[in-house]
Amino acid sequence: MKLLVTGGAGFIGSAVIRHIISDTVDSVVNVDVLTYAGNLESLAEVEGNTRYVFERVDICDRAALDRVFSVHQPDAVMHLAAESHVDRSIDGPAAFIQTNIFGTYTLLEAARAYWQGLTPSRQAAFRFHHISTDEVYGDLGAEEPGSSCESRPSSLFTEYTPYAPSSPYSASKAGSDHLVRAWQRTYGLPTLVTNCSNNYGPYHFPEKLIPLMILNALEGKPLPVYGCGEQVRDWLYVEDHARALYTVVTRGAVGETYNIGGHNEQRNIDVVHTLCALLDELAPVGVPGAARRLPVGKSQIRQYADLITFVTDRPGHDLRYAIDAGKIERELGWYPRESFDSGIRKTVAWYLSNLEWCRRVQDGRYQRQRLGVAAVS
Ligand code: NAD
């Protein structure tokens with residue numbers, strides 16, 4: 001089977017490609033325009049494999065997509081390319097509308113034209129899998145009168161939860177989900193949608209909560225926590241998500257939606273304390289060769305948690321997301337393998353061993369060498 005993966009140089013897309021190339025016999029065409037979030041270095045281990053091809057293409061470029069479909073003749077599309085950072089969507093929503101809505105529309109149209117030209121048997125087997133987020137469902141906490149740092153409702157997002165996105169990011173993802181379902185209902189394109197909770201793990205771009213905290217801590221910078229840090233997220237190890245996505249694209253039922261989650265609800269402040277405790281254990285402050293004794297303003301820290309700093313909350317910040325992943329477990333037999341304890345320990349250890357990766361992706365060095373260009377968008 002040949003899978004066309006969009007956004008394959010990103011955090012989750014690269015985990016999906018590493019999984020497909022190392023654990024299956026399938027082939028991958030990686031379609032990625034390489035924004036600041038796309039890093040080919042995350043795919044260094046699959047480069048050169050005859051089952052892997054990279055196409056630097058923008059999903060908003062219909063002519064380029066038509067060429068890619070025609071040349072590579074994929075059996076399925078796994079669509080992960082997106083603008084994905086909520087804070088960036090608040091500062092500049094236009095790129096989110098362009099890529100997440102217009103880009104998804106353009107990809108759907110290119111896929112539909114290609115699919116219509118396939119033989120009946122290949123048409124029936126073709127899949128368009130759209131990868132989305134639980135953030136489209138909005139805020140579980142907001143339903144609770146007076147919900148605050150103390151109160152938390154116990155409900156979960158199911159596949160039937162109405163959409164109520166809060167940020168430009170989640171609104172643009174919600175829009176793209178609706179387009180995908182409409183292309184199935186209207187044109188018969190065999191689509192699948194998955195909505196997943198927060199991912200964490202290796203190769204996560206250092207602007208997101210977990211890598212940002214690890215790197216700031218190691219540099220002795222403040223660890224900024226929004227509001228009182230009481231926001232609850234349901235964390236899933238990225239390799240568990242990659243396995244879930246492959247399960248859905250190969251065995252999911254056409255037209256269905258599957259929620260994916262890790263049964264790991266954590267308050268942000270607890271995640272940050274867990275990271276600090278792991279860093280205290282694995283890279284203790286002041287131990288030569290581990291981490292430097294770091295200056296914080298004019299004072300010194302004794303432990304990483306001393307760096308925690310509460311900052312003004314993000315506008316529209318949802319209090320709680322939590323997924324009911326029962327459907328994918330019952331119908332497709334997928335379960336997460338990592339607990340939060342095992343996954344977060346692996347993640348911290350990975351960042352400690354790969355600090356150079358962080359520096360290189362932040363300045364785009366590997367990409368420039370790989371592509372032979374002077375600058376990366
Ligand atoms: P990411 O930001 O790490 O990667 C996005 C990738 O898409 C990058 O490689 C980027 O270069 C590429 N891209 C962006 N615009 C493009 C365009 N116009 N054309 C081609 N490529 C483009 O994102 P991620 O965290 O890996 O998320 C992947 C998908 O999973 C997204 O659709 C996101 O909404 C969804 N998702 C993410 C999470 C999470 O916790 N990260 C959770 C649930 C769902």
Check: Angle, helix 268-282 long axis vs. longest principal axis of the chain, Cα atoms, 0 to 90°, nearest 10?
Finding: 70 degrees
Checklist line | Amide hydrogen neighbours beyond the local backbone of TYR226, cut-off 5 Å, H modeled | finding: VAL311
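For the chain, what does the relative contact order come out to in percent, with C-alpha contacts under 8 Å and a separation of six or more?
Details: 707 pairs, mean separation 69.0, N = 377.
Averaging sequence separation for qualifying contacts and normalising by length gives 18 percent for the chain.
Leaving out ligands and nucleic acids, and using a 1.4 Å probe, what accessible area per residue does the chain come to in Å²?
Heavy-atom accessible area per residue stands at 41 Å².
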Notebook entry, point to check: For THR309 and ARG51, what does the FRET efficiency come to when R0 = 41 Å and r is the distance between their Cβ atoms, rounded to the nearest 0.05?
Noted result: 0.35
Notebook entry, point to check: Under 5 Å between amide H atoms, partner at least 5 residues away or on a different chain: which partners does LEU236 have, H built in plane at 1.01 Å?
Noted result: ASN198, ASN199, TYR200
Next item on the list: Rank THR104, THR257, THR247 by mean-square fluctuation in a GNM of the chain with C-alpha springs under 10 angstrom and give only the top-ranked residue.
Entry: THR247
Notebook entry, point to check: Using alpha carbons only, how many degrees (0 to 90, rounded to 10) separate the axis of helix 168-187 from the longest principal axis of the chain?
Noted result: 20 degrees
Check: What is the Cα coordinate range of the stretch 216-289 on the first, second and third principal axes, sorted by size from largest, in whole angstrom?
Finding: 55, 32, 18
Margin query: Skipping prolines and chain starts, which residues have an amide H placed within reach, meaning under 5 Å, of the one on ARG320, given they are 5 or more residues away or on another chain?
Written below: LEU140, GLY141, ALA142, VAL232
Checklist line | Positive minus negative residues near SER172 (Lys, Arg vs Asp, Glu; Cβ under 12 Å) | finding: -1
Next item on the list: Taking the dipole about the Cα centre of the chain, with the C-beta of Lys and Arg at +1 and of Asp and Glu at -1, give me whichever of PRO165, ASN198, LEU282 is farthest to the positive side.
Entry: LEU282
Note to self: If you fit an axis through the alpha-carbon atoms of helix 11-23 and take the longest principal axis of the Cα set of the chain, what angle between them do you get, 0 to 90°, nearest 10?
What the structure shows: 60 degrees
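How do the peptides 4-10, 71-77 rank, highest first, by the average count of neighbouring beta carbon atoms within 10 Å per residue?
Working: 4-10: 28.0, 71-77: 18.1.
Put in order of decreasing packing, that is 4-10, 71-77.
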Next item on the list: Quick one: pull the percent of accessible area on the chain belonging to carbon and sulfur, 1.4 Å probe, ligands and nucleic acids left out.
Entry: 51 percent
Next item on the list: List nothing, just return the count: lysine pairs in the chain, 8 or more apart or interchain, with Cα separation under 19 Å.
Entry: 4
Check: Quick one: Cα centre-to-centre distance for the stretch 91-134 and the stretch 45-79, in angstrom?
Finding: 13 Å
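The values are calculated or read from the model by the stated rules, or taken from the named source; none is laboratory data. The structure presented is a predicted model; accordingly, all values stated were derived computationally and were not measured. Glycine gets a Cβ as well: all are built from the backbone with ideal geometry, and neighbour counts include every protein chain shown. Please note that ligands, DNA and RNA were not included when accessible areas were found on the heavy atoms of the full protein model with its side chains. Shrake-Rupley method; radii C 1.70, N 1.55, O 1.52, S 1.80 Å.
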